[in-house]
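**Q** This structure is in structure tokens; I'll ask about it shortly.
The values are calculated or read from the model by the stated rules, or taken from the named source; none is laboratory data. Treat the numbers as computed from the prediction; the structure is a model and nothing was measured. In this analysis, Cβ positions are derived from the backbone assuming ideal geometry, glycine residues included, and neighbour counts consider all displayed protein chains. Ligands, DNA and RNA are stripped out before the accessible areas are found, and what is left, the full protein with its side chains, is counted by its heavy atoms. Shrake-Rupley method; radii C 1.70, N 1.55, O 1.52, S 1.80 Å.
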Amino acid sequence: MTGSDSGDYDHLAPLFVELAATEEGPRREALRDELVTAHLPVAKHIARRFGHRGEPYEDLVQVATVGLINAVDRFDPERGSDFLSFAVPTIMGEVRKYFRDSSWSVRMPRRLKELHLAINSGTARLSQQLGRAPTPSELATHLGMTREEIHEGLAAGNAYQSASLDDMLMSDESSISLGSTLGTEDPEIEMIEQREALHPLLQRLPERERKIVIMRFFGNMTQTQIAQKVGISQMHVSRLLAKTLRQLREVLEEN
Amino acid sequence: MPTDARTNNEVGVSQLEDEGVELRMSADPTQLSIARAVAADIAMRQDFDLDSIEDLKLAVDETCSTLITMAAHKAVLSCRFVVNDDAVHVHAQVSSGSSAPPDRESFGWRVLTALVDSVTTWVDPASTGDGHVVHIDLVKRSAGAVNG
């Protein structure tokens with residue numbers, strides 16, 4: 001039996017009829033709770049579908065559950081349609097509203113967000129094909145957009161460097177254990193680390209940041225090569241590098 | 001180019017026919033994002049590949065940060081971008097009380113050399129006869145295919 005099989009929920013239909021006929025009170029509360037709890041798998045299923053957009057899964061489940069509660073409250077069994085066909089769009093609407101309203105600490109117009117995401121995934125595909133990072137005009141051709149649009153999207157990525165943007169780029173990537181991807185048994189990096197007698201500051205960086213810094217500035221790897229090796233996007237490598245350099249500089253200046 | 005007496009936190013941008021774009025700003029870290037944005041925009045419009053765009057951005061950031069740490073009180077940091085033969089040339093300078101050039105053994109210098117095709121630095125006596133001017137020049141080409 002699968003959770004997406006609507007048949008699983010048919011036995012709950014009489015409860016909706018009862019709920020509609022029950023006055024405000026403990027019995028109504030209990031019915032409502034039971035219906036919400038029983039349909040939670042639907043909310044979780046929808047939350048999972050949006051999971052790759054970079055919001056924490058738990059947050060999405062919560063938002064989807066709010067949508068589910070609204071659906072239970074508003075559903076009218078008299079209308080003849082079944083609950084799921086009413087609830088699914090209601091829950092999805094709630095999740096979409098969440099993405100639209102609150103998930104970006106700096107408000108980026110929706111069109112730019114989508115453009116940014118398209119550029120990010122286009123960059124990943126083209127890098128794979130070309131073996132290097134694409135140019136804006138290659139991206140334009142690949143995505144069927146004008147170069148101006150690509151410029152706009154890239155500039156938007158620069159302008160909206162918010163925590164949410166980083167999260168968005170992390171999404172799938174964060175599930176990869178970086179420790180295991182990078183490994184400590186990379187002979188090349190080991191060699192560079194030993195040869196260069198790195199500044200103690202570098203040694204204090206978190207492992208992932210240190211490896212990325214070493215690969216870029218001592219191993220002569222491009223951001224795209226690092227991205228492929230570590231399993232994160234080039235944009236994310238770029239952000240990590242910029243952030244790490246800034247931190248190193250601040251510490252150096254304090255000393 | 002002599003630095004003028006402008007001292008408030010303003011950024012001046014001038015577009016010069018043959019001399020590219022020049023940014024003039026207070027030698028203050030709060031101005032770095034402007035220099036980065038201009039660098040990225042110029043590289044983007046030259047159709048540099050995304051790695052090279054990011055490299056130039058980081059390099060300009062590093063260059064300006066280095067100069068800011070060496071700047072005299074209320075100094076103006078100038079950053080000029082010129083496109084020439086598919087390469088972006090960056091000429092950055094700031095007035096400094098010291099004649100010491102940036103430390104070429106430093107981590108920051110290592111970062112610069114890894115990011116761009118060439119980087120040079122030198123120190124001139126200031127034309128006003130008072131103090132010095134520290135220069136850092138960068139040249140960056142796109143690593144990817146350059147489409148005319």
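**Q** Please work out which one of (1) open to solvent by 20 Å² or more (accessible area, probe 1.4 Å); (2) in contact with a Gly (Cβ under 8 Å, 6 or more places away or on another chain) is the condition A:Val42 fails and give its number.
**A** The number of the failed condition is (1).
**Q** Looking only at residues in the stretch A:206-242 that are without any contact (Cβ under 8 Å) to a residue 24 or more places away in the chain and under 25 Å from the mean Cα position of the chain (by Cα), which one is surrounded by the fewest Cβ atoms within 10 Å (Cβ to Cβ)? Write out each step before concluding.
**A** Just the residues of the stretch A:206-242 that are without any contact (Cβ under 8 Å) to a residue 24 or more places away in the chain, to begin with: A:206, A:210, A:217, A:220-221, A:225-226, A:238, A:242.
Among the residues that remain, those that are also under 25 Å from the mean Cα position of the chain (by Cα) are: A:206, A:210, A:225-226, A:238, A:242.
Details: A:Pro206: 11, A:Arg210: 19, A:Gln225: 20, A:Ile226: 24, A:Ser238: 25, A:Ala242: 16.
Among those that are without any contact (Cβ under 8 Å) to a residue 24 or more places away in the chain and under 25 Å from the mean Cα position of the chain (by Cα), it is A:Pro206.
**Q** Identify all residues within the stretch B:114-135 that are within 27 Å of A:Thr224 (Cα to Cα) and touching a strand residue (DSSP E or B) at 6+ places or on another chain (Cβ under 6 Å); write none if there are none. Show your work before the answer.
**A** Let us first name the residues in the stretch B:114-135 that are within 27 Å of A:Thr224 (Cα to Cα), namely B:114-120.
B:Val116, B:Asp117, B:Ser118, B:Val119, B:Thr120 - these are the residues of the stretch B:114-135 that are within 27 Å of A:Thr224 (Cα to Cα) and touching a strand residue (DSSP E or B) at 6+ places or on another chain (Cβ under 6 Å).
Quick grid of which residues meet (1) at pLDDT below 90; (2) closer than 30 Å to A:Ala133 by Cα; (3) touching a strand residue (DSSP E or B) at 6+ places or on another chain (Cβ under 6 Å):
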position: B:Asn9; (1), (2), (3): yes, no, yes
position: B:Glu17; (1), (2), (3): yes, no, no
position: B:Glu22; (1), (2), (3): no, yes, yes
position: B:Asp28; (1), (2), (3): no, no, no
position: B:Asp41; (1), (2), (3): no, yes, no
position: B:Arg45; (1), (2), (3): no, yes, no
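**Q** Within 12 Å of A:Ile91 (Cα to Cα) and part of a helix (DSSP H, G or I), is that true of A:Val17? So that I can check it myself, show each step before the final result.
**A** Details: within 12 Å of A:Ile91 (Cα to Cα): no; part of a helix (DSSP H, G or I): yes.
Answer is no for this residue.
**Q** Here's another thing I want to ask about it. Within the stretch B:93-108, track down each residue that is touching a residue at least 12 places away in the same chain (Cβ under 8 Å) and under 20 Å from A:Phe217 (Cβ atoms). Please lay out each step first, then the result.
**A** Taking the stretch B:93-108 as the starting set, the residues that turn out to be touching a residue at least 12 places away in the same chain (Cβ under 8 Å) are B:93-102, B:104, B:108.
Within the stretch B:93-108, B:Pro102, B:Arg104, B:Gly108 qualify.
**Q** For the stretch A:66-79, which residues satisfy the criterion of being open to solvent by less than 30 Å² (accessible area, probe 1.4 Å) and over 17 Å from A:Pro14 (Cα atoms)?
**A** A:Gly67, A:Leu68
**Q** Got a sec? Which helices (runs of 4 or more DSSP H) wholly within the stretch A:132-234 have at least 2 residues that are at the interface with chain B (Cβ under 10 Å from one of its Cβ atoms) and either over 23 Å from B:Lys57 (Cβ atoms) or modelled with pLDDT of 70 or more (or both)?
**A** A:136-143, A:147-159, A:200-203, A:207-217, A:223-230
**Q** A:Ala38: at pLDDT below 90 and of a type in the set (A, V, I, L, M, F, W, C), yes or no? Explain how you work it out, then say what you get.
**A** On the way: at pLDDT below 90: no; of a type in the set (A, V, I, L, M, F, W, C): yes.
Judged against the criteria, A:Ala38 is not a match.
**Q** Still on this model: Report, by residue number, each residue of the stretch B:27-75 that is under 13 Å from the mean Cα position of the chain (by Cα), of a type in the set (Gly, Ala, Ser) and more than 29 Å from B:Ser99 (Cβ to Cβ).
**A** B:Ser33, B:Ala37, B:Ala40
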